[in-house]
Amino acid sequence: MGAATKEDIKNLLKIRKRIAVVGLSDQPFRTSYMVSQYMQYAGYEIIPVNPNVTEVLGEKAYRSLEDIEGHVDIVNVFRRSEFLPEVARSAITIKAGFFWAQLGLYSPEAEEILQSATIPYIMDKCIKVEHAMIR
């Protein structure tokens, strides 16, 4: 789904409400925090994934995607592009519903990994911006 239409994104964000945020910082000035806070206020369940923190936005943080209990609708990634293949493999392991790499993030290797596992994905787009545009 690399070239998702506005309608695809609208449907995705309407249906999928449980978002694991890989690289979510506990620092309010960081983009990952601001975007996740916005999504939380918009009614999404945010699951922080960061081994360096214990809690973010009032939610328990997990060391890895594999540590999360229950299904994850969207894996939203705020890690540098070179880490995307590793996160994509983890998303496959947990059978995530969707993989979303934030604005400025792209990896051809992660794209191949996700395509081979038939996990839909978006890269190089901000979930907050896309959500605001479909409201």
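In table form, for the structure just shown:
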quantity: Strands (runs of 3 or more DSSP E) fully within segment 18-93 counting 1 or more residues that are open to solvent by 70 Å² or more (accessible area, probe 1.4 Å) and touching a residue at least 12 places away in the same chain (Cβ under 8 Å); calculated: 45-49
quantity: Test for Gly104: is it free of Cβ contacts under 8 Å to residues at least 60 places away in the same chain, surrounded by fewer than 18 Cβ atoms within 10 Å (Cβ to Cβ) and part of a loop (DSSP other than H, G, I, E, B); calculated: yes
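The values are calculated or read from the model by the stated rules, or taken from the named source; none is laboratory data. The structure presented is a predicted model; accordingly, all values stated were derived computationally and were not measured. We place every Cβ from the backbone using ideal geometry, glycine too, and count neighbours over all the protein chains shown. Only protein heavy atoms, including side chains, enter the accessible area calculation; ligands, DNA and RNA are left aside. Shrake-Rupley method; radii C 1.70, N 1.55, O 1.52, S 1.80 Å.
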